[in-house]
1. Just round it to a whole percent: the fraction of Cα-Cα distances in region 2-128 exceeding 17 Å.
2. Relative to 2.2 N^0.38 Å, what does the C-alpha radius of gyration of region 295-455 come to as a ratio? Two decimals please.
3. Translational diffusion coefficient of region 1-75 at 4 °C, 1.567 mPa s, Stokes-Einstein with Kirkwood Rh over Cα pairs, in µm²/s as a whole number.
4. Cα-based Rg of region 141-276 per 2.2 N^0.38 Å, rounded to two decimals?
5. Could you bin all the Cα-Cα distances of region 320-374 into 5 Å bins starting at 0 and give me the percent of pairs in each, rounded to whole numbers?
6. For the chain, what's the relative contact order in percent, using C-alpha pairs closer than 8 Å and at least 6 residues apart?
7. Could you order the peptides 259-268, 349-358 from most to least packed, using the average number of other C-beta atoms within 10 Å per residue?
8. For region 323-412, what value does the Rg/Rh ratio take when both radii are computed over Cα atoms and Rh is the Kirkwood radius, given to two decimals?
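Quick note: the coordinates plus some simple rules give every number you see, no bench work behind them. What you are looking at is a predicted structure, and each value in this text was computed from that prediction instead of being measured. Note: ideal-geometry Cβ built from the backbone for every residue, glycine included; neighbour counts use all protein chains shown.
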Ligand code: HEC
């Protein structure tokens, strides 16, 4: 019962906050002669605020008995809230004795406002997670999804590459480092094997009887179903895969091929890969560490029209964008040889490069992604690219390459995606290529699909 009353805490807390804000607003308004008549209401408003504040404290303390939140976070919120309540009580007593407004009172009001904001913020962090106020619109889940790369599903380790991803996206917000609902952690092997408040959740002797599995398979609106109602649910294929993982012994290191998935599971795995690990994803590559390029060199390149940026904060590898190069661009291109080691992405979309410029690109041997779209490139130039052993993405949309050129490219060891929209390829070339190189994705149906990331710089060829 007490625990039940505690559940009202998140609702009740809004009352004292609103009431106190109103009191503070009135205090400032009565500084002006015009609003003087509000003065007599303030003591009453403060009293009501304090009343609800105490009610919030009580419900909050009951709620904190449920120890699924991290204790230090709860403590911080708790003590700030208690302090805020007392500050308002002191303030109420003090202000009632004052004959007139003083600067000290204005200062006190500022302190009180700050204290409300802090209480609210730390309380909010408990319900919504640490960085619930964040100006980045990429949330944690999206970052996770982006980083997932599964080149070959058969070689994937079922737990590490797949199961963990599902648990992270759908369970860990309540069963992880920050909160342990049901005293259960699902963010690593130890947590999963340790189980929750009712003991083990994976039963290795009778896997079908595992609590975790039962919870997943319950009707969606069952009280014990996981994830709880109204939270993001598992998809059908995620459920199938988790079930398969548990029933086949919940191994933490077996790879998929060794576990011989049946047909239904294979389909689910393919679906998983398609949903979370395919398309335009950032490839997480194991690259050799390199030094940062000197600032003077970067400036020099930028003078030529290059836009130079690091791949990520943690990685000194470079992306170079050449939309504004002086033409002909061979001189600008040659300069890139000085950052050859760092350069992994090169955007030359509609930059005016021609076949002979590709003999320079050829020497940029660390290139992984290359955009040549909207240039007068032919099969002749493509020949120069066949030795780029790290190239896994190439965009040849709106170029004059034909099937012959693409076929040459296909011998590149790392190649994964080739974009050939609006090229010399016809439908039958296209199907022939697709059939011959099943592992390489060739995008090239007749309609032009614009990637959102391209539209920023899109220029049209006349
Ligand atoms: C929104 C929060 C939330 C999410 C998301 C969530 N759970 Fe739970 N889980 C709970 C709560 C609360 C309990 C404790 C109450 C209960 O036993 O139903 C619990 C209990 C459990 C238990 C029982 C632990 C024990 O020993 O009693 C298991 C197993 C479990 N969850 C598995 C999962 C799995 C698997 C997922 C993801 C597919 C998941 N949960 C997602 C909130 C959540």
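1. Numbers: 4571 of 8001 pairs.
Result for the distance tail: 57 percent.
2. Numbers: Rg = 15.3 Å, N = 161, 2.2 N^0.38 = 15.2 Å.
Rg over 2.2 N^0.38 Å, computed on Cα atoms: 1.01.
3. The estimated diffusion coefficient comes to 93 µm²/s.
4. Details: Rg = 14.2 Å, N = 136, 2.2 N^0.38 = 14.2 Å.
Expressed relative to 2.2 N^0.38 Å, the Cα Rg reads 1.00.
5. Pairs per bin, as whole percents: 4, 22, 36, 28, 9, 0.
6. On the way: 650 pairs, mean separation 34.9, N = 462.
That works out to 8 percent.
7. On the way: 259-268: 13.9, 349-358: 19.3.
Listed from highest to lowest mean packing, they are 349-358, 259-268.
8. Details: Rg = 11.8 Å, Rh = 12.8 Å.
In region 323-412, Rg relative to Rh is 0.92.
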